[in-house]
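Presented below is the structure to which this report refers.
Nothing in this text is a laboratory measurement; each read-out follows from the coordinates by a stated rule. Being a predicted model, the structure only gives us computed values, none of them experimental. Backbone-built Cβ (ideal geometry, glycine too); neighbour counts: all protein chains shown.
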């Protein structure tokens with residue numbers, strides 16, 4: 001089955017700096033890669049996702065890049081703010097083509113991001 | 001709010017107790033999921049229901065019993081649990097379909113379970 005590795009496990013940055021979190025996956029058939037943010041006492045919330053037909057996607061201060069050849073994808077947060085502090089999870093799944101997709105996401109271990117004011 | 005609610009938010013139970021976790025989604029989705037989140041481990045998929053049919057049981061012990069009476073509600077019945085079952089149990093929902101891409105999963109806030 002799919003295996004997703006996420007690094008680093010903890011990341012500490014100063015406000016205004018950039019933060020980068022990296023994930024690798026094992027199954028070359030995976031074609032959907034979401035990123036979730038989990039704040040204390042809440043469930044994970046989707047912040048951005050990318051599909052295998054694109055190499056990069058941006059949404060304001062957040063961007064995700066995908067390298068299918070190397071089987072890795074990364075989350076980039078620019079101009080970090082204290083409210084960005086949370087646990088971030090990457091995930092990967094295979095969306096069946098022509099069949100029914102049942103959303104079998106495989107998650108990374110998570111990265112605790114701390115942004116110091 | 002994500003449109004997915006879970007009750008109770010916190011639960012303490014003994015190993016001989018029977019309890020149930022409830023999840024409700026208000027998003028009109030057709031797929032619902034149970035995940036287990038333990039400290040320092042990735043989220044583990046436990047069960048998947050699509051159109052009320054269980055489509056995935058990820059080798060979960062029989063002391064966890066899911067129930068999906070309709071597309072909006074999902075239960076997780078617990079009995080004779082072990083202390084190592086203490087974790088955050090998350091429910092999620094999504095809209096799945098034939099030939100469509102993976103759709104976003106929306107998570108509830110979770111139930112923090114402690115087994116004594």
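From a point 7 Å beyond the Cα of residue B:41 in the direction of its Cβ, which residues of the stretch B:50-72 have a backbone N at a distance under 12 Å? Only B:60-61 fall inside the zone, counting backbone N under 12 Å.
Compute the length gained on full extension between residue A:9 and residue A:81: take 0.36 nm times their separation in residues and subtract their Cα-Cα distance, giving the result in nm to one decimal. Can you show the working numbers first?
Numbers: separation 72, 0.36 × 72 = 25.92 nm, distance 1.92 nm.
Length gained, residue A:9 through residue A:81: 24.0 nm.
Neighbour counting of Cβ atoms within 10 Å sorts the residues B:75, A:33, B:51, fewest neighbours leading, into B:51, B:75, A:33. A straight line joining the Cα centroids of the stretch A:34-85 and the stretch B:1-39 runs 26 Å.
Comparing Cα centroids, the stretch B:40-84 and the stretch A:1-30 end up 27 angstrom apart. Peptides B:88-94, A:72-78, A:12-18 ranked from most to least packed, by the mean per-residue count of other Cβ atoms within 10 Å: B:88-94, A:72-78, A:12-18.
Consider all pairwise Cα distances in chain A and report the whole-number % of them above 22 Å. Walk me through the numbers on the way to the answer.
Working: 2054 of 6786 pairs.
So the portion of pairs separated by more than 22 Å is 30 percent.
Per residue of A:22-33, how many C-beta atoms from partner chains lie within 10 Å of its own C-beta, taken as a mean? Could the numbers behind the result be given before it?
On the way: counts 0, 0, 0, 0, 0, 0, 0, 0, 1, 2, 4, 1.
Mean partner-chain Cβ count within 10 Å for A:22-33: 1.
Hull surface divided by four, with the convex hull built on the Cα atoms of the stretch B:1-51: how many nm²?
Details: hull surface 19.7 nm².
Average projection, Cα convex hull of the stretch B:1-51: 4.9 nm².
Taken residue by residue and averaged, Cβ atoms of other chains lying within 10 Å of the Cβ of B:105-112 number 4.
Dimensions of the protein assembly as shown based on its C-alpha atoms, expressed as ranges along the principal axes with the largest first, amount to 50, 46, 30 Å.
For the stretch A:37-94, state the average projected area of the convex hull of the C-alpha atoms over all orientations, rounded to one decimal in nm².
That works out to 4.5 nm², a quarter of the Cα hull's surface.
Peptide B:40-50 has a mean of 4 when you count, residue by residue, the C-beta atoms of other protein chains within 10 Å of its C-beta. Across chain A, Cα pairs under 8 Å and at least six residues apart give a relative contact order of 36 percent. How high is the FRET efficiency from residue A:68 to residue B:18, r the C-beta distance, R0 30 Å, rounded to 0.05? Rounded to the nearest 0.05, the efficiency is 0.05. When Rg and the Kirkwood Rh are both derived from Cα coordinates, the Rg/Rh ratio for the stretch B:16-115 amounts to 0.96.
A simple spin-label model places pseudo-atoms 7 Å from Cα toward Cβ; at residue B:79 and residue A:60 they are separated by 4.8 nm.
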